[in-house]
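Notes follow the structure.
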Amino acid sequence: MATEKCTSCNVPLANEGWTKFPCPKCGEIIYRCHDCRHQSIPYECKKCGFMGP
Ligand SMILES: [Zn+2]
Ligand SMILES: [Zn+2]
């Protein structure tokens, strides 16, 4: 099914509750799993290195 992985912790996004949004800097799609959203884990864009909450 989904091959996307969480940008922060790299788990496959199989469960519901994850989200995706474009990087504010370069527009690369960022994926975040439920846990990382819930715990406000920072993400880092793999393309441009932008870090955000
Ligand atoms: Zn995660
Ligand atoms: Zn970026």
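Tabulated results
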| item | result |
| --- | --- |
| Carbon and sulfur %, accessible surface of the chain computed with the full protein complex present, 1.4 Å | 51 percent |
| Cα-projected label distance for Lys46 with His34, points at 7 Å along beta-carbon direction, nm | 2.3 nm |
| Cα gyration tensor of the chain - equivalent ellipsoid semi-axes, whole Å, descending | 17, 12, 8 |
| Heavy-atom accessible area per residue - the chain, 1.4 Å, Å² | 72 Å² |
| Nearest-20 debye value, the chain charge dipole, Cβ charges on Lys, Arg, Asp, Glu | 140 debye |
| Neighbour cut-off at most 15 other Cβ (10 Å), DSSP loop, GluC sites (Glu not before Pro), the chain | Glu4, Glu16, Glu28 |
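The values are calculated or read from the model by the stated rules, or taken from the named source; none is laboratory data. The shown structure was predicted, so the numbers you read here are calculated from the model rather than taken from an experiment. Note that each Cβ is placed from the backbone with ideal geometry, even for glycine, and that neighbours are counted across all protein chains shown. Note: areas computed on protein heavy atoms with side chains; ligands, DNA, RNA excluded. Shrake-Rupley method; radii C 1.70, N 1.55, O 1.52, S 1.80 Å.
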